[in-house]
Amino acid sequence: MTMALNTPAPSALHRLWTGTNVIQKVAFAVGLALLLMAFLGPLIAPHDPNAQSLLSRLRPPIGFDRAKVAYPLGTDELGRDVLSRSLHGLRLTLMLAILGALLGLLVGGLLGLLAGVVGGRTDAAIMSAVDTQIAVPFTLIALFTLAIFGSSLQVMVIVLGLAGWEQYARIVRGDVRRLMHLPFIEAARAAGASPRRIAFTHLLPNIVSPLVVQFTLSLSNIVLLESTLSFLGLGVQPPTATLGSMVGIGRDYMPTAPWIVIVPAALIVLLTFAVQVVGDWLRDSVDVRLRAR
């Protein structure tokens, strides 16, 4: 007689880890490390990010001549600690990207839901706005908006939120139009459910997965947009540090102090790499699950 062995089912974390390739594992690890650095930045930063010390200006990182242990990644043109400013810059850049992506999700999701449920002229008007947004380079819109309203944190969040709302609107509108003809929606209509109830009770829960994927993918684009605007001097103004502004200010010192640019630029590359790979993995996972239904 053979006895069945009761082996415990693998945990969700184990399935996640074994179901990814090497690049995806690296991206997950890098993303988690960057999140911890951003969250713990104010606690682990060795110095005030805005504290100046002209006697210590342009100190190189540890391992080079004139380096000081107190400044492990060197100092900038005003003697500010590059490590401390990079940690605070990473935190602010990530915060702006997340808030901007959430705003884009809210605006685009609601407009797409409205277009798909109501249809008719409302649908045509919203989709015309979507086509206009896609046709015009958003960098020009951002430059125009920031030139008029300034570059405060609130304005930056709004500008970054408007960067990808049209993608959310197209996704939601397409999924809603597909779902509107399914039997469970017809049954809800026959039962007397209002359009609002149909939209938020029956439709919205069925389109969450593609929205999560789009949210993740949009983060990398927003990080690059924020870095570009800050590099051009139109982002959050000094002395507040973002990764893009650090690169923009440090470019004049590349021949003599390249670490001022290399450190924040490396963080931008790692952040966009991690977010993009995780977003691609989420998209592939959602597509497989949808095809399996």
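The values are calculated or read from the model by the stated rules, or taken from the named source; none is laboratory data. Keep in mind that this is a model prediction, so the values were computed, not measured. Here the Cβ positions follow ideal geometry from the backbone for every residue, glycine too, while neighbour counts run over all protein chains shown.
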Residue count, region 232-262 (criterion: within 21 Å of F138 (Cβ to Cβ) and either crowded, with 20+ Cβ neighbours inside 10 Å or of a type in the set (K, R) (or both)): 9
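Filter region 105-151 down to residues that are β-branched (V, I, T) and not in a helix (DSSP H, G or I), then give me how many there are. Outline the logic, then answer.
Residues of region 105-151 β-branched (V, I, T): 107, 117-118, 122, 126, 130, 132, 134, 136, 139, 141, 145, 148.
Then keep just the ones that are not in a helix (DSSP H, G or I); that gives 136.
Qualifying residue count, region 105-151: 1.
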G192, sole failed condition from (1) small (G, A, S); (2) part of a helix (DSSP H, G or I); (3) over 22 Å from L103 (Cα atoms): (2)
Region 55-97, residues that are among the basic types (K, R) and either under 31 Å from the mean Cα position of the chain (by Cα) or at positive phi (or both): R66, R80, R85, R91
Residue pairs meeting the criteria (Cβ under 8 Å; at least 6 apart or on separate chains; first over 15 Å from G250 (Cα atoms), in region 262-276; second part of a helix (DSSP H, G or I) and of a type in the set (S, T, N, Q)): L271/T93; L271/S220; T272/S220; V275/T216; V275/S220; Q276/S220
Output for region 53-92, where each listed residue is closer than 18 Å to T242 by Cβ and out of contact with any Pro (no Cβ under 9 Å at 6 or more places or on another chain): D76, E77, L92
Sole residue being of a type in the set (A, V, I, L, M, F, W, C) and more than 19 Å from V261 (Cα to Cα), chosen from L73, L87, L113: L113
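Say we look at region 1-46 and pick out the residues that are hydroxyl-bearing (S, T, Y) and either within 25 Å of the chain's Cα centre (by Cα) or at pLDDT below 65 (or both); which of these is surrounded by the fewest Cβ atoms within 10 Å (Cβ to Cβ)?
First, pick out the residues of region 1-46 that are hydroxyl-bearing (S, T, Y): 2, 7, 11, 18, 20.
Okay, now just the ones that are also either within 25 Å of the chain's Cα centre (by Cα) or at pLDDT below 65 (or both), so 2, 7, 11, 20.
Values: T2: 4, T7: 6, S11: 9, T20: 17.
So, considering only residues that are hydroxyl-bearing (S, T, Y) and either within 25 Å of the chain's Cα centre (by Cα) or at pLDDT below 65 (or both), the one surrounded by the fewest Cβ atoms within 10 Å (Cβ to Cβ) is T2.
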Index of the failed condition, Y71 passing every other in (1) part of a helix (DSSP H, G or I); (2) in contact with a strand residue (DSSP E or B) (Cβ under 6 Å, 6 or more places away or on another chain): (1)
Top-ranked residue of region 214-246 - restricted to ones that are among the small types (G, A, S) and part of a loop (DSSP other than H, G, I, E, B), ranked as farthest from L160 (Cα to Cα): A241
Pairs, first farther than 11 Å from L225 by Cα in region 134-151, second acidic (D, E), C-beta under 7 Å, six or more apart: I134/E166
Looking only at region 117-144, and only at residues there that are polar (S, T, N, Q) and within 14 Å of W165 (Cα to Cα), the one that is nearest to the chain's Cα centre (by Cα): Q133
Test: residue in region 127-136 that is surrounded by fewer than 18 Cβ atoms within 10 Å (Cβ to Cβ), at pLDDT below 95, in contact with an Asp or Glu (Cβ under 7 Å, 6 or more places away or on another chain) and at negative phi: yes
